[in-house]
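A short write-up of the structure that comes next.
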Amino acid sequence: MNDELIRIREDVEKLHQKAAGETILLYPGIELCYLAFSSDSFSVQHKAMPHIIQINYCKAGQLIWEMGNGNCIYLNPGDFSLHTMKACADSVLNFPSGTYQGLAISINLQEASGNPPELLKDSNIFEAILPKKFCWNGRPVFLAGNEQTENIFSAFYGQPEAFKLAYQKIKVLELLLYLGKMEFTPQNQLAEYQSELMKAIRKIHDQLLLHMEQRVTIEELSRQYLINPTTLKNAFKSVYGASLAAHIKEHRMEQAAKMLKETDKNIAEIARAVGYDSQSKFTAAFKAYFKVLPKEYRKK
């Protein structure tokens, strides 16, 4: 290994160490690192390395990636990204929940193509497929997870110690085969939004939580914040992993449960406090969410 490759590996290992991760060599040029952040943000500063591709998978928490061009993309559990380590040379990772769990697979295209895993020989995946399908313009690709990708990524976790490395080696090959054959379309790529739009979405979120007793429509929010309704809905789901209505309803139910436990307010008062004019509608929604009536929840 020449001096340049040694320096590159040292830079990658430093990044992994900051994430409290262990680097595991699976094949020549292919490394795996389990990531566990306990912080609000993490600055990524390293050399631009266009010949190293990194795949990041979000297992728990949320990742907000602020790139050097001012754009942001959000990864929620199950989502994953793919980019060269030139694209992330100067960027900031934010973790809204204060913690993040995931994994990163680093692929040195030069090493891997020179000595590929036996099953991928003659596949051309390192020479052409990965760099030309996903990284041809140098921009990161963010992909929404699906049942097939979740089956692949979930197998990196919870395996018996004696079989852990075998699963890691098999699953990284399965992931590469999946990427090689998948049809890359705008439908399976997560949207990229300008940071100003993301700030507005967070303001909308905070406003709705602060005034849960109010019922505000998408159209009213659209007029207030001068955002197209479809863009608002799509951006909100990209940020918070659920539709605006579903996300706020979850907060309403959690707030109602807290009030049932910690206050003496009656059911009608609690219903109004979380945005329900009708006690019967609130009771039905509460039971659907917690599988128990509000009165029974309070007694328990």
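The values are calculated or read from the model by the stated rules, or taken from the named source; none is laboratory data. Since the structure is predicted, the reported quantities are computational estimates derived from the model, not experimental observations. Cβ coordinates were reconstructed from backbone atoms using ideal geometry, including for glycine residues, and neighbour counts include every protein chain displayed.
Of all residues in the stretch 123-152, how many are in contact (Cβ under 8 Å) with a residue 12 or more places away in the chain and among the charged types (D, E, K, R)?
Narrowing the stretch 123-152 to residues in contact (Cβ under 8 Å) with a residue 12 or more places away in the chain: 123, 125-127, 129-131, 133-135, 138-146, 148-150, 152.
Now narrow it down to the ones that are among the charged types (D, E, K, R): 127, 133, 139, 150.
Total meeting the criteria: 4.
Consider only pairs whose beta carbons are under 8 Å apart and that are at least six residues apart or on different chains; among these, list those whose first residue lies in the stretch 262-279 and is touching a residue at least 24 places away in the same chain (Cβ under 8 Å) and assigned by TED's automatic domain parsing to the domain that holds Leu209 and whose second residue is surrounded by fewer than 16 Cβ atoms within 10 Å (Cβ to Cβ) and of a type in the set (D, E, K, R).
Ile267/Lys295; Arg272/Glu213; Ala273/Glu213; Ala273/Lys265; Val274/Glu213; Gly275/Glu213; Gly275/Arg215
For the stretch 61-91, give me each residue that is of a type in the set (Ser, Thr, Tyr) and out of contact with any helix residue (DSSP H, G or I) (no Cβ under 7 Å at 6 or more places or on another chain). Reasoning before the result, please.
Taking the stretch 61-91 first, the residues of a type in the set (Ser, Thr, Tyr) are 74, 81, 84, 91.
Hits for the stretch 61-91 are Ser81, Thr84, Ser91.
Output the number of residues of the stretch 93-136 satisfying the condition of being in contact with a helix residue (DSSP H, G or I) (Cβ under 8 Å, 6 or more places away or on another chain) and aromatic (Phe, Trp, Tyr).
The number of residues fulfilling the criteria is 2.
Considering only the stretch 239-265, state which residues are closer than 13 Å to Gln62 by Cβ, among the hydrophobic types (A, V, I, L, M, F, W, C) and assigned to a helix (DSSP H, G or I).
Taking the stretch 239-265 and keeping what is closer than 13 Å to Gln62 by Cβ, we get 239-242, 247.
So of that shortlist, the ones also among the hydrophobic types (A, V, I, L, M, F, W, C) come out as 239, 242.
Of everything in the stretch 239-265, just one residue is closer than 13 Å to Gln62 by Cβ, among the hydrophobic types (A, V, I, L, M, F, W, C) and assigned to a helix (DSSP H, G or I), namely Val239.
Return yes when Glu192 is under 24 Å from Trp65 (Cα atoms), in contact with a Cys (Cβ under 9 Å, 6 or more places away or on another chain) and modelled with pLDDT under 90 and no when it is not.
Details: under 24 Å from Trp65 (Cα atoms): yes; in contact with a Cys (Cβ under 9 Å, 6 or more places away or on another chain): yes; modelled with pLDDT under 90: yes.
Yes.
The rows are residues; the columns are (1) among the small types (Gly, Ala, Ser); (2) modelled with pLDDT under 90; (3) over 16 Å from Phe142 (Cα atoms); (4) part of a loop (DSSP other than H, G, I, E, B).
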| position | (1), (2), (3), (4) |
| --- | --- |
| Leu177 | no, no, yes, no |
| Glu183 | no, yes, no, yes |
| Ile201 | no, yes, yes, no |
| Lys237 | no, yes, no, no |
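Could you tell me whether Leu109 is within 16 Å of Gln54 (Cα to Cα), in contact with an Asp or Glu (Cβ under 8 Å, 6 or more places away or on another chain), surrounded by 15 or more Cβ atoms within 10 Å (Cβ to Cβ) and in the same structural domain as Ile55 (by TED's automatic domain parsing)? Can you show your working first?
Numbers: within 16 Å of Gln54 (Cα to Cα): yes; in contact with an Asp or Glu (Cβ under 8 Å, 6 or more places away or on another chain): yes; surrounded by 15 or more Cβ atoms within 10 Å (Cβ to Cβ): yes; in the same structural domain as Ile55 (by TED's automatic domain parsing): yes.
Answer is yes for this residue.
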